[in-house]
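Q: Below is a structure I'd like to ask you about.
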Amino acid sequence: MGGITIKDLRINDEIRADQVRLIDENGNQVGVTTLRDAQARADEAKLDLVLMSPKAKPPVTRIMDYGKFKYDQEKKEKENKKKQKNAQLKETRFSLNIEDNDLQTKANQAKKFLNNGDKVKVSIRFRGRELGRKEPGYELMDKFKDMLGEGVQVYKKPKMEGRSLVMFLEPKGEENGK
């Protein structure tokens with residue numbers, strides 16, 4: 001029942017069709033019958049007649065316990081929501097004249113973020129005369145990316161935003177958003 005939204009389903013008296021394709025409570029296809037016969041079978045089984053595919057010719061109906069079906073669908077939706085991973089954006093900042101061991105510490109922290117499936121914003125803050133020469137900043141960005149290894153890809157290339165050089169990284173295998 002993949003893409004069925006619960007609100008769209010019509011049941012019992014809400015169905016407006018002369019002929020319907022009927023599927024019984026066991027999932028067996030009964031065939032094309034009149035709506036009255038289908039409703040009678042559903043009433044006999046003390047279940048609901050549910051319109052599954054209104055656009056089909058003839059419309060497809062199924063005999064089932066609608067309340068239980070609705071409950072199961074809502075339960076599946078909740079499970080799917082729980083399984084969704086929302087990637088967060090984490091940030092790491094440093095200045096242009098950072099020492100190698102400090103840079104390695106920042107790289108290790110960024111690796112942890114990336115291993116959790118998060119995206120990482122790397123920014124280098126320029127101060128004073130450092131704004132005159134931006135090439136060392138780009139070189140430092142490349143060095144930082146190399147420290148992270150193969151499992152990382154650039155999501156947005158390094159570019160200047162105000163006084164900061166900013167680059168976005170994501171784990172390899174994710175779709176590029178931009």
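Yes/no per residue for (1) modelled with pLDDT under 90; (2) open to solvent by less than 30 Å² (accessible area, probe 1.4 Å):
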{"position": "G67", "(1), (2)": "yes, no"}
{"position": "K85", "(1), (2)": "yes, no"}
{"position": "T92", "(1), (2)": "no, yes"}
{"position": "I98", "(1), (2)": "no, no"}
{"position": "K121", "(1), (2)": "no, no"}
{"position": "G128", "(1), (2)": "yes, no"}
{"position": "G132", "(1), (2)": "yes, no"}
{"position": "L140", "(1), (2)": "no, yes"}
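Q: Name the pairs whose Cβ atoms lie under 6 Å apart, with the first residue in the stretch 39-54 and touching a residue at least 40 places away in the same chain (Cβ under 8 Å), the second assigned to a helix (DSSP H, G or I) and hydroxyl-bearing (S, T, Y), and 6 or more positions between them or separate chains?
A: V50/Y66
Q: Among the residues that make up the stretch 155-173, is at least one of them in contact with a helix residue (DSSP H, G or I) (Cβ under 6 Å, 6 or more places away or on another chain) and either at pLDDT below 90 or of a type in the set (K, R) (or both)? Please lay out each step first, then the result.
A: Start the filter on the stretch 155-173 by keeping residues that are in contact with a helix residue (DSSP H, G or I) (Cβ under 6 Å, 6 or more places away or on another chain), which leaves 158, 165, 167, 171.
Of the ones still in play, those that are also either at pLDDT below 90 or of a type in the set (K, R) (or both) are 171.
Yes, the stretch 155-173 has at least one match.
Q: Got at least one residue in the stretch 73-81 being part of a helix (DSSP H, G or I) and in contact (Cβ under 8 Å) with a residue 12 or more places away in the chain? Lay out the reasoning, then the answer.
A: Residues of the stretch 73-81 that are part of a helix (DSSP H, G or I), as a first pass: 73-81.
Now restrict to residues that are in contact (Cβ under 8 Å) with a residue 12 or more places away in the chain: 73-74.
Yes: one or more hits.
Q: So for the stretch 108-115 (the condition being touching a residue at least 24 places away in the same chain (Cβ under 8 Å), open to solvent by 80 Å² or more (accessible area, probe 1.4 Å) and in contact with a strand residue (DSSP E or B) (Cβ under 9 Å, 6 or more places away or on another chain)), does at least one residue qualify? Steps first, please.
A: Residues of the stretch 108-115 that are touching a residue at least 24 places away in the same chain (Cβ under 8 Å), as a first pass: 110-111, 114-115.
If we keep only those that are open to solvent by 80 Å² or more (accessible area, probe 1.4 Å) too, we end up with 115.
Okay, now just the ones that are also in contact with a strand residue (DSSP E or B) (Cβ under 9 Å, 6 or more places away or on another chain), so 115.
Looking through the stretch 108-115, at least one residue is touching a residue at least 24 places away in the same chain (Cβ under 8 Å), open to solvent by 80 Å² or more (accessible area, probe 1.4 Å) and in contact with a strand residue (DSSP E or B) (Cβ under 9 Å, 6 or more places away or on another chain).
Q: What tally of residues in the stretch 112-128 results from selecting those that are over 12 Å from R163 (Cβ atoms) and not acidic (D, E)? Break it down into steps so the answer makes sense when it comes.
A: Start the filter on the stretch 112-128 by keeping residues that are over 12 Å from R163 (Cβ atoms), which leaves 112-122.
Imposing the further condition that a residue be not acidic (D, E) reduces the set to 112-117, 119-122.
Final tally of qualifying residues: 10.
Q: Then there's this: Looking only at the stretch 84-101, decide whether some residue is among the basic types (K, R) and in a helix (DSSP H, G or I). Can you show your working first?
A: Filtering the stretch 84-101 for residues among the basic types (K, R) gives 85, 90, 93.
After this cut, where a residue has to be in a helix (DSSP H, G or I) as well, the list is none.
Within the stretch 84-101, not a single residue is among the basic types (K, R) and in a helix (DSSP H, G or I).
Q: List pairs: first residue in the stretch 138-153 and closer than 11 Å to V122 by Cβ and aromatic (F, W, Y), second residue assigned to a helix (DSSP H, G or I) and open to solvent by 40 Å² or more (accessible area, probe 1.4 Å) anywhere in the structure, Cβ distance under 8 angstrom, at least six positions apart or on different chains.
A: Listed by first residue and then by second, the contacts come to F144/K106.
Q: With respect to Q109, determine if the residue is touching a Lys or Arg at 6+ places or on another chain (Cβ under 9 Å) and farther than 19 Å from K143 by Cβ. Explain how you work it out, then say what you get.
A: Numbers: touching a Lys or Arg at 6+ places or on another chain (Cβ under 9 Å): yes; farther than 19 Å from K143 by Cβ: no.
So Q109 fails the test.
The values are calculated or read from the model by the stated rules, or taken from the named source; none is laboratory data. All figures in this text were calculated on a predicted structure; none of them were measured in a lab. We place every Cβ from the backbone using ideal geometry, glycine too, and count neighbours over all the protein chains shown. Note: areas computed on protein heavy atoms with side chains; ligands, DNA, RNA excluded. Shrake-Rupley method; radii C 1.70, N 1.55, O 1.52, S 1.80 Å.
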